[in-house]
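See below for the structure under consideration.
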Amino acid sequence: MTTSITKQLLVIGNGMVGQHFIEQFLNQTETAQWQLTVFAGEDRPAYDRVHLSDYFSDGNAAKLQLVADSFYAENKVTLKLDEPVLAIDRAAKTVTTAKARYCYDKLVLATGSYPFVPPIAGNDNQHCLVYRTIADLEAIRASSKGARTGVVIGGGLLGLEAANALKLQGLEAHVVEFAPQLMPVQLDKDGGELLRCKIAQLGVSVHTDKATSSISAGSEQRLQLNFSDGTVLQTDLIVFSAGIRPQDSLAKDAGLELGPRGGIVINNQCQSSDADIYAIGECALWQGQLFGLVAPGYQMARTAAAVLTGDNSQSFSGADMSTKLKLLGVDVGSIGDAHGRTPGAISLRYRNDLLGEYRKLVLSADGKQLLGAVLVGDNSYYDSLLQYALNGIALPADPHSLILPQSSGKPLLGPAALPATATLCSCHNVSKGAICAALDNGVQDLAGIKSCTKAATGCGGCAALLKSVVEHELTARGVAVSSDLCEHFSYSRQQLYHLVRVDGLKTFNELISRHGRGHGCEICKPAVASILASCWNEPVLAKPHVALQDTNDTFLANMQKNGTYSVVPRIPGGEITPAMLISIGQVAEQYQLYTKITGGQRIDLFGATLDQLPLIWQQLIDAGFETGHAYGKSLRTVKSCVGSTWCRYGVQDSVSMAILLENRYKGVRAPHKIKMAVSGCTRECAEAQSKDVGVIATENGWNLYVCGNGGMKPRHADLFATDLNDQQLLSYIDRLLMFYIKTADRLQRTATWMNNLEGGLDYLREVIINDSLGLCAELEAQMQLLIANYQCEWQTVLNDPVQRARFNSYVNAAAPARSDFGFVPERGQLIPSRQLNINVSIESKETSL
Amino acid sequence: MSQLAHALESQPSLQQQAVILCRQQDLVPFSGVAARFAEYAIALFYLPGETVELYGLSHIDPVTKAPVMAHGLLGETKGEFYVAAPLHKQQYRLSDGQCLSDSALTLQVFKVQLLDGQVYLLPPTEY
């Protein structure tokens, strides 16, 4: 008989921690001799209490369940639902339920906790409820029928969750808190205050500093809360969420050691005062401490499961109580010593009432270690701060940079400083350690890391950090991280730029035959074309360059999804005469072009066929327009406000300056597109701080901002120099642009370029303002050459029959009708039809001679 | 000599079937132009000096169905030439039209040949 050697393991409680224990236990190797029986007080298997309020948003209790019903049978675990244990007999080693008595060899108590209901007269009313189980939620739902208002007593974490649950029931929700602020355990005064404002904005009324002395019948509503200060509040139902207490009565009756205020005392192996009885989760008291979070409970479950199966290497050594959560949609984070109770602790705070953000760092007396932090409004800072606090990483010299808005461009933790436990990708929960392990297992590049760990494949927000970590780790492993442009050039863009300039090379063929190999590709050809243009500014469609250009540069227009092109004439500074505006309108009307105003204060005309482009441009040039370079990696627009010419606030003529800048830099090819703006006063209506080059007027001249951008990852530009006169402004921008062109990577915008410069903004100031490299005269001279060699590329094309012939759709057939491209009307204009209806065969055949 | 050129010279019947698409001077070296034949739009890629100097592939981007392939950039990897689709940058091998990043995508290949300053096409119906 095998039963003779089978040992009985009983688990009391099937909450989240009890369930985790079962799973951890089943994962152990030495389990064959154990028969596992689990007693649940509730009539359903373990469910997710953390997301309890989801039950109200979707009404689906099954979705909360942690494992399928079949889990227990499949793993030979006996689950006794709705069979609470009534007593433990330690001498006989049995437990008793209403149905039977069961023997145990080892017993695990995972009894959890119960909601504390303060002893207030009237708290036994049928509409006074608690918030912990699905049954509680069902009671709240029943009570909500015909109710208008609900009050939560307790403004802690669970109380705010409960308030959310009431809101989801369509009730007007109130939160009553005894302390002067919300979440007094996790937040400081400022954080609590801001949370209160944000929650109030969401329609939850918050009453702090209120002690409830009694609950009586209401006149307008079912109940009335009577506060100790004499005020009252009427409501239809009350949910108590004034803290939890350990569920330790079974243990107490069995004579196990309890803490002075409850809780089953356990040692580092999670054993109670009886070595055969373990306690885990919220019912357990470790070194005088209770743990009301699920993560420490899971750690105890892992420890107990290991110890029970003879693995004594595991022990519970306390847990970090830092939390990050979204309460009623508001980000709240609390790390370590949030209140600064460590002797000598100092704090740094960032409070922005405008944005509704608050962040506090608690530092050691010497300012070198992060002891704790409070976050309200934006939890994106949490992961990095937690790494500092948990791993005792030395803080940067300016720790405030960790909580200032990230647009200030300060790097967070660098790849080398991150500990292995650092979470890089929060979507897929990938740590730096997992990345390193993958690299150790033979993954060799970023693409491989992404496919094997899923890192950076969720929201993608961690892509830059992931790349720097992978490159850093590869370098550390002695793998050369190639900065080669592509397989045809073993040089970076910067090096190629240098070679072109030093050797005076004028064509791609010269460069590849002297410094490269093979025939080039779609990476190196446009990059070299851009370098050649940046150095010599020959027309991009001149014969040696034409086959190098990206499609848009080849046809000096932007290809759209249906194969037609858009046309953007330059409108410097966004200033345009009515006559010019009319001529654009006439062209658009004649060719039935879809017309839209762009974000850069100009006009985009969509839907031109290749054959129409020269015709359209002939008319635009005759009307006085030039190409707008919307297709090029070059200056796009210089946006402006009307400035002092019209505006009562303007202090300088921003339009004139914008036109001057746009005409100065138009056509200059760069590693990526460049956008600029000029604002006529500090109100900044031109949004100059979101541009690569931003100019803002002051009483005394111009402030220059650099390296901002909008787009996928917006970044505010940094203030570079103040109160410049026109000449200083131009020479700084000349130098800055040329230095960018000289040193940036392919397709690298100014913001990334500056972030990657060793020394960042300060270094850039040294080079551009103080001429620390002795380069400024050369940079200005190079810019002068580009400006002097400017020509309108469209004018050049129209003057050259060979170049113009490139714009025939077919070399042997008439131009296709525009209708061939498939257009449908929308709001009075033509847009591409969803299904392309092109009058040519698109079928693909397998063929061979 | 390519197979088509050989076929054209050795089989008079084929020579009759082949059609002149355009002149050699209509081609743009190391780039593409588009030509029409019946219902077909054909991208002609011209690589003067290479073993195979002329390739003909469908001008229609298989992903967007837009007639744009001739306007893609030509590239070379490990000695093989390809065209990068202008809209979404998939690479298609010139020799057989196979997409290098997605095995499900191909460009139809047309038999074209340079002869006496003319571009010849063997019409697809004759294959």
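The values are calculated or read from the model by the stated rules, or taken from the named source; none is laboratory data. Everything numeric here is computed off the predicted structure, so don't read it as measured data. Glycine also receives a Cβ, built like all others from the backbone with ideal geometry; neighbour counts cover every protein chain displayed. For accessibility, only protein heavy atoms count, side chains too; no ligands or nucleic acids. Shrake-Rupley method; radii C 1.70, N 1.55, O 1.52, S 1.80 Å.
In table form, for the structure just shown:
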{"item": "Prolate/oblate/rounded call for the stretch A:620-693, Cα gyration tensor, a/c under 1.5 rounded", "result": "oblate"}
{"item": "Three-way shape label, the stretch A:187-235, alpha-carbon gyration tensor, a/c 1.5", "result": "oblate"}
{"item": "Antiparallel bridge percentage (DSSP; both residues within the protein assembly as shown; nearest 5)", "result": "70 percent"}
{"item": "Set of aspartates and glutamates near residue A:210 by C-alpha distance (under 14 Å), chain-local residues within fewer than 8 positions excluded", "result": "A:177, A:229"}
{"item": "Within 10 Å of each Cβ in B:34-42, the average number of Cβ atoms from other chains", "result": "6"}
{"item": "Integer Hz, Karplus 6.51/-1.76/1.60 couplings in order for the stretch A:357-369, x for Gly and Pro", "result": "10, 9, 9, 10, 10, 9, 10, 5, 4, 8, x, 9, 10"}
{"item": "Restricting the stretch A:599-687 to trypsin sites (Lys or Arg not before Pro) in coil, as DSSP defines it, with at most 11 other Cβ within 10 Å", "result": "A:648"}
{"item": "Full-stretch length increase - residue A:788, residue A:58 - with 0.36 nm per residue and alpha-carbon distance subtracted", "result": "256.1 nm"}
{"item": "Cβ charges +1 (Lys, Arg) and -1 (Asp, Glu), total dipole of the stretch A:247-314, debye", "result": "200 debye"}
{"item": "Extreme residue, positive dipole direction of chain A, given options A:814, A:791, A:775 (C-beta unit charges)", "result": "A:814"}
{"item": "Separation of alpha-carbon centers, the stretch B:37-85 and the stretch A:764-828, rounded to whole Å", "result": "24 Å"}
{"item": "Average other protein chain Cβ within 10 Å of Cβ, residues A:554-564", "result": "4"}
{"item": "Probe 1.4 Å, all protein chains present, accessible-area order of A:56, A:823, largest first", "result": "A:823, A:56"}
{"item": "Residue among A:499, A:483, A:587 farthest towards the positive dipole end of the stretch A:469-610, charges placed on Cβ", "result": "A:499"}
{"item": "Listed residue (A:361, A:312, A:401) projecting farthest to the positive dipole end of chain A, Cβ model", "result": "A:401"}
{"item": "Average other protein chain Cβ within 10 Å of Cβ, residues B:53-62", "result": "3"}
{"item": "Check: the stretch A:192-241 dipole with +1 on Lys, Arg Cβ and -1 on Asp, Glu Cβ, in debye", "result": "120 debye"}
{"item": "About the Cα centre, charge dipole magnitude for chain A (Lys/Arg +1, Asp/Glu -1 at Cβ), debye", "result": "700 debye"}
{"item": "Choice from B:59, B:88, B:71 with maximal GNM fluctuation in chain B (Cα, 10 Å cutoff)", "result": "B:88"}
{"item": "Most mobile listed residue (B:56, B:32, B:117) in chain B, GNM with C-alpha springs under 10 Å", "result": "B:117"}
{"item": "Helical mean residue ellipticity (222 nm; -39500 (n - 2.57) per DSSP H run of 4+; nearest 500) of the protein assembly as shown", "result": "-8000 deg cm²/dmol"}
{"item": "Spacing of the two label points (7 Å from each Cα toward its C-beta) at residue B:101 and residue A:758, in nm", "result": "3.4 nm"}
{"item": "Euclidean distance between Cα centres, the stretch A:563-586 to the stretch A:216-278, Å", "result": "72 Å"}
{"item": "Gap separating the Cα centres of the stretch A:34-113 and the stretch A:291-331, nearest whole Å", "result": "19 Å"}
{"item": "Span-like helix ranges in chain A, DSSP H, alpha carbon extent 20 angstrom or more, Kyte mean at least 0.0", "result": "A:294-308, A:726-743"}
{"item": "Accessible-area value, residue A:568, 1.4 Å probe, nucleic acids and ligands omitted, Å²", "result": "10 Å²"}
{"item": "The stretch A:288-378: relative contact order in percent, alpha carbon pairs under 8 Å with at least 6 residues between", "result": "22 percent"}
